[in-house]
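Asker: Let me give you the structure first, and then I'll get to my questions.
The values are calculated or read from the model by the stated rules, or taken from the named source; none is laboratory data. Bear in mind that the values here come from a model prediction, so they are computed numbers and not experimental data. When we count neighbours, we look across all protein chains shown, and the Cβ atoms used for this are built from the backbone with ideal geometry, even at glycine.
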Amino acid sequence: MNVVDGNNVDRGDVHPPMGSTAALDSDRDGVHPPVVMVDNLVKRYDGASVNAVDGVSFAVQPGELFALLGPNGAGKTTTISILTTTLRPTSGRVEIGGHDVADAADRVRAEAGIIFQQPSLDLNLTAEENIRLHAVLYGLYGFRPGYRLMPAAYRTQVGELADILGIEDDLFKPVRTFSGGMKRKLEIIRSLIHKPRVLFLDEPTTGLDPQSRRSLWAYLRQVRKEAGTTLFLTTHYLEEAERADTICILSNGRVVSIGGPDDVKSDLVERYLLLDCAPEHRDALRAELASRDVVWRERSQDERDGEDAARFRVDVARREIHALLKAIDTPLTVVQTHTPTLEDAYLQIVEHTMEEDA
Amino acid sequence: MRQLHAIAAIAARDLLKFLRDPLRIASTLVFPLVFIVILGGAFAPMIGDAFDFRTFVLVGVLAQTMWQSSAMGLVSLIEDRENDFSQAIFVAPISRYAIVFGKILGESLVALAQGAAIVLIGLLLGLRLTGTQIALAVPAAIIACLFGGAFGLIVMANIRNQRTAQQVFPFLILPQFFLAGVFNQIQDLSSFLRVMSLMSPMRYPVDLMRHAVYAGRPESERAEALASSATMDLAVIAVLFVLFMVVGTALFVRREQNR
């Protein structure tokens, strides 16, 4: 787990994900190079006075689910645009599948699939026409001016993908008539038809209903399992990031935290114990805590509201909780452990860095 | 080969969009019809009977419509960018020239369809074309379209949004109606206007089309019918086409990537 500060991010500091399910062990050993490698990336937009991306470095292992988090304006979309060759970096080095985005953009493009933040379908065309255009641009098939004229292999592939995502009945309808969820599904079919090594997803589920979101993720998990596709995700939904192997948090164009979800949570946000007792026993409890060298704090009225009303907040590591509770003789009325969610961690990290920058 | 397929796919998309838009089809036909019937008729008495002014205007409008339609069709480059569609094309592993040329080809096909409709109107109005004239007019039409597309590209490469495009295009195109001699003679312009006329890209496809349609007719001998030699028209178009394509593509790609 790294909490990194400012521009001093060294690529060597980026650890392989903890608790990774998909990353292969051989990759961890460095046998395979990372599929995405970003080294001290800087982007300053024309006429801007600050860097939108300010010395970002990280690496993504093959097969990983990598989540890039950060508030609006943190530099997520800028980063993903540079990684997918639609934006030129100001400085720094980026490699996708071992190809440099600056020198070998076409090789990078062939390796990458992209789901953009804004749906990038041609609404005047049918779903199949959108897919066909994409398949031809990626050199998979020659252009034919009609679905029936396309090779059987193409028709099979499109049929299978459409079937999995449940839009087979709508393949020949104009995309204009599609719902947001269907458009996303269509974009996924389109982005996977050339079997990319890395699929970039820029806030893919924004604006989708929970059902669409769930089915989309079910499908992405399947793709990852079957094809070993690396998923590079930016999202605002922390429960999506929770499933990631590695989480990289950006704030003001810099990496402020990187690691597995558990690491991001445990190292940055304290776990604590909330205790309380009857008012007449409080002095006794204070004395007991003091005698055990425990650090505690009594929470102000503002902090104590509703169900979370306990007065004493005790900072304590998880394994010490049991021992501490056993040792306290004062009758307790409240015992609560506080385990941070990723959202807590995220908010704390981002707020902290924003305060620092201010 | 792959690039050619990509060009064909991008071009087919534009043609398909046009064919699915009945309103756009109708509106692209109304203007040429108005020009030919009203302006051709209105200017004719000023010239005298010896010269078939309606044919002169019709041929001029034919070339102008195709050239302009193709040029303005390139607005769709910006439209695609605003609709977030162009990003999907720009991440495809194909040459940037293939993308731009596919666009120009697509808009040229649209313009050719419009040109065919104008010829049809002309035939109804009494225009008669021989086999030779048709054989010469078709390549002249294709040249007008591709050249118009290249002109559109270099204009679009410097424009950020559709609104600007709509403001800039009339300014660039309207003066050319007169400088290119779509429905007026440009042989005896003042020296300043003569220079402006020579600088007007639209002049050359218009004149080339007249060379094609007047081939073998008495008009081809008349000084007021033609502005330059066909060779000069072709040479200027060739030079400007290459210039517009190379500079336009470079500017456009740079604008897409360097923000």
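Asker: Can you tell me which of A:T86, A:T77 is polar (S, T, N, Q) and more than 7 Å from chain B (Cβ to nearest Cβ)?
Answerer: Numbers: A:T86 fails: more than 7 Å from chain B (Cβ to nearest Cβ).
Every option except A:T77 fails the conditions.
Asker: Would a scan of the range B:148-155 turn up a residue that is under 30 Å from B:G131 (Cβ atoms), touching a Leu at 6+ places or on another chain (Cβ under 7 Å), at pLDDT 90 or above and surrounded by 16 or more Cβ atoms within 10 Å (Cβ to Cβ)?
Answerer: Of all residues in the range B:148-155, those under 30 Å from B:G131 (Cβ atoms) come to B:148-150.
Filter once more, so that each one left must be touching a Leu at 6+ places or on another chain (Cβ under 7 Å): B:149.
Checking which are at pLDDT 90 or above leaves us with B:149.
Pick out the ones that are also surrounded by 16 or more Cβ atoms within 10 Å (Cβ to Cβ) and you get B:149.
There is at least one residue in the range B:148-155 that is under 30 Å from B:G131 (Cβ atoms), touching a Leu at 6+ places or on another chain (Cβ under 7 Å), at pLDDT 90 or above and surrounded by 16 or more Cβ atoms within 10 Å (Cβ to Cβ).
Asker: Checking B:P201 against (1) within 14 Å of B:V236 (Cβ to Cβ); (2) part of a helix (DSSP H, G or I): exactly one of these is not met. Which one?
Answerer: Tallying (1) within 14 Å of B:V236 (Cβ to Cβ); (2) part of a helix (DSSP H, G or I), B:P201 fails exactly one: (2).
Asker: A further question on this structure: Quick one: in the range B:247-259, of everything that is more than 14 Å from chain A (Cβ to nearest Cβ) and in contact with a Phe, Trp or Tyr (Cβ under 9 Å, 6 or more places away or on another chain), which residue is surrounded by the fewest Cβ atoms within 10 Å (Cβ to Cβ)? Give the steps one after another, and end with the answer.
Answerer: Residues of the range B:247-259 that are more than 14 Å from chain A (Cβ to nearest Cβ), as a first pass: B:247-249, B:251.
Those left that are additionally in contact with a Phe, Trp or Tyr (Cβ under 9 Å, 6 or more places away or on another chain): B:248-249.
Details: B:G248: 23, B:T249: 20.
Here the residue is B:T249.
Asker: Which ones in the range A:172-182 are assigned to a loop (DSSP other than H, G, I, E, B) and either buried (at least 18 other Cβ atoms within 10 Å of the Cβ) or of a type in the set (G, A, S) (or both)?
Answerer: A:F178, A:S179
Asker: Find the residue count for the range B:90-99, including only residues that are touching a residue at least 12 places away in the same chain (Cβ under 8 Å) and within 7 Å of chain A (Cβ to nearest Cβ).
Answerer: Taking the range B:90-99 as the starting set, the residues that turn out to be touching a residue at least 12 places away in the same chain (Cβ under 8 Å) are B:90, B:92, B:94-99.
Now drop any that are not within 7 Å of chain A (Cβ to nearest Cβ), which leaves B:90, B:92, B:94.
Result for the range B:90-99: 3.
Asker: Look at B:R163 and say whether it is without any contact (Cβ under 8 Å) to a residue 24 or more places away in the chain, out of contact with any Phe, Trp or Tyr (no Cβ under 8 Å at 6 or more places or on another chain), closer than 25 Å to B:S228 by Cα and of a type in the set (D, E, K, R). If you could, list the steps in order and put the result at the bottom.
Answerer: Details: without any contact (Cβ under 8 Å) to a residue 24 or more places away in the chain: yes; out of contact with any Phe, Trp or Tyr (no Cβ under 8 Å at 6 or more places or on another chain): yes; closer than 25 Å to B:S228 by Cα: no; of a type in the set (D, E, K, R): yes.
Against the criterion (without any contact (Cβ under 8 Å) to a residue 24 or more places away in the chain, out of contact with any Phe, Trp or Tyr (no Cβ under 8 Å at 6 or more places or on another chain), closer than 25 Å to B:S228 by Cα and of a type in the set (D, E, K, R)), B:R163 does not qualify.
Asker: Right, another one. Just to be sure before I move on: is B:L19 modelled with pLDDT of 85 or more and of a type outside the set (D, E) in the structure I sent?
Answerer: On the way: modelled with pLDDT of 85 or more: yes; of a type outside the set (D, E): yes.
Considered against the rule, which asks whether it is modelled with pLDDT of 85 or more and of a type outside the set (D, E), B:L19 comes out as yes.
Asker: Still on this structure: How about the range A:117-128: which of its residues are in contact (Cβ under 8 Å) with a residue 12 or more places away in the chain and either of a type outside the set (D, E, K, R) or facing another protein chain (nearest Cβ under 10 Å) (or both)? Outline the logic, then answer.
Answerer: Taking the range A:117-128 and keeping what is in contact (Cβ under 8 Å) with a residue 12 or more places away in the chain, we get A:117, A:119-128.
Correct list: A:Q117, A:P119, A:S120, A:L121, A:D122, A:L123, A:N124, A:L125, A:T126, A:A127.
Asker: Given the range B:86-179, what helices (runs of 4 or more DSSP H) lie entirely inside it while holding 1 or more residues that are among the basic types (K, R) and out of contact with any helix residue (DSSP H, G or I) (no Cβ under 9 Å at 6 or more places or on another chain)?
Answerer: Numbers: elements: B:86-90, B:96-124, B:131-156, B:162-179.
Result: B:162-179.
Asker: Could I ask something else about it? So which of B:S27, B:S76, B:S69 is out of contact with any Leu (no Cβ under 7 Å at 6 or more places or on another chain), away from chain A (no Cβ under 13 Å), under 30 Å from A:V175 (Cα atoms) and modelled with pLDDT under 85? Give the derivation first.
Answerer: Working: B:S76 fails: away from chain A (no Cβ under 13 Å); B:S69 fails: modelled with pLDDT under 85.
Matching residue, one of B:S27, B:S76, B:S69: B:S27.
Asker: Still on this structure, I have one more. Kindly indicate the residue of the range B:220-246 that is more than 12 Å from B:F147 (Cβ to Cβ) and of a type outside the set (A, V, I, L, M) and also nearest to the other protein chains (Cβ to nearest Cβ) among those meeting that condition.
Answerer: Taking the range B:220-246 and keeping what is more than 12 Å from B:F147 (Cβ to Cβ), we get B:220-232, B:235, B:246.
After this cut, where a residue has to be of a type outside the set (A, V, I, L, M) as well, the list is B:220-222, B:224, B:228-229, B:231.
On the way: B:S220: 39, B:E221: 44, B:R222: 44, B:E224: 44, B:S228: 38, B:S229: 39, B:T231: 36 Å.
The extreme case among them is B:T231.
Asker: Give the residues of the range A:237-296 that are assigned to a loop (DSSP other than H, G, I, E, B) and out of contact with any Asp or Glu (no Cβ under 6 Å at 6 or more places or on another chain), sorted by residue number.
Answerer: First, the residues of the range A:237-296 that are assigned to a loop (DSSP other than H, G, I, E, B): A:237, A:242-245, A:252-253, A:260, A:269-271, A:278, A:292-295.
If the condition is that a residue be assigned to a loop (DSSP other than H, G, I, E, B) and out of contact with any Asp or Glu (no Cβ under 6 Å at 6 or more places or on another chain), then A:Y237, A:E242, A:R243, A:A244, A:G260, A:R271, A:A278, A:R292, A:D293, A:V294 are the ones that fit.
Asker: Identify, from the list B:G60, B:G115, B:G102, the residue that is within 14 Å of chain A (Cβ to nearest Cβ), within 23 Å of the chain's Cα centre (by Cα), surrounded by 24 or more Cβ atoms within 10 Å (Cβ to Cβ) and at pLDDT 85 or above.
Answerer: On the way: B:G60 fails: within 14 Å of chain A (Cβ to nearest Cβ); B:G115 fails: within 14 Å of chain A (Cβ to nearest Cβ).
Sole residue among the options that is within 14 Å of chain A (Cβ to nearest Cβ), within 23 Å of the chain's Cα centre (by Cα), surrounded by 24 or more Cβ atoms within 10 Å (Cβ to Cβ) and at pLDDT 85 or above: B:G102.
Asker: Regarding A:G113, is this residue in contact with a Pro (Cβ under 9 Å, 6 or more places away or on another chain), assigned by TED's automatic domain parsing to the domain that holds A:Q211 and on the phi > 0 side of the Ramachandran plot? First the steps, then the outcome.
Answerer: On the way: in contact with a Pro (Cβ under 9 Å, 6 or more places away or on another chain): yes; assigned by TED's automatic domain parsing to the domain that holds A:Q211: yes; on the phi > 0 side of the Ramachandran plot: no.
The answer is no for A:G113.
Asker: I'm trying to understand the selection: among the residues of the range A:89-102, which are under 20 Å from A:R44 (Cα atoms) and at pLDDT 90 or above? If you could, list the steps in order and put the result at the bottom.
Answerer: Of the residues in the range A:89-102, the ones under 20 Å from A:R44 (Cα atoms) are A:89-95, A:100-102.
Of everything in the range A:89-102, those that are under 20 Å from A:R44 (Cα atoms) and at pLDDT 90 or above turn out to be A:P89, A:T90, A:S91, A:G92, A:R93, A:V94, A:E95, A:D100, A:V101.
For every residue, the table says whether it meets (1) surrounded by fewer than 24 Cβ atoms within 10 Å (Cβ to Cβ); (2) within 20 Å of the chain's Cα centre (by Cα).
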| position | (1), (2) |
| --- | --- |
| B:S69 | no, yes |
| B:I78 | yes, yes |
| B:S95 | yes, no |
| B:L123 | yes, no |
| B:L127 | yes, no |
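Asker: Restricting the range A:103-116 to residues that are assigned to a helix (DSSP H, G or I) and crowded, with 23+ Cβ neighbours inside 10 Å, which is nearest to the other protein chains (Cβ to nearest Cβ)?
Answerer: So the residue we want is A:R109.
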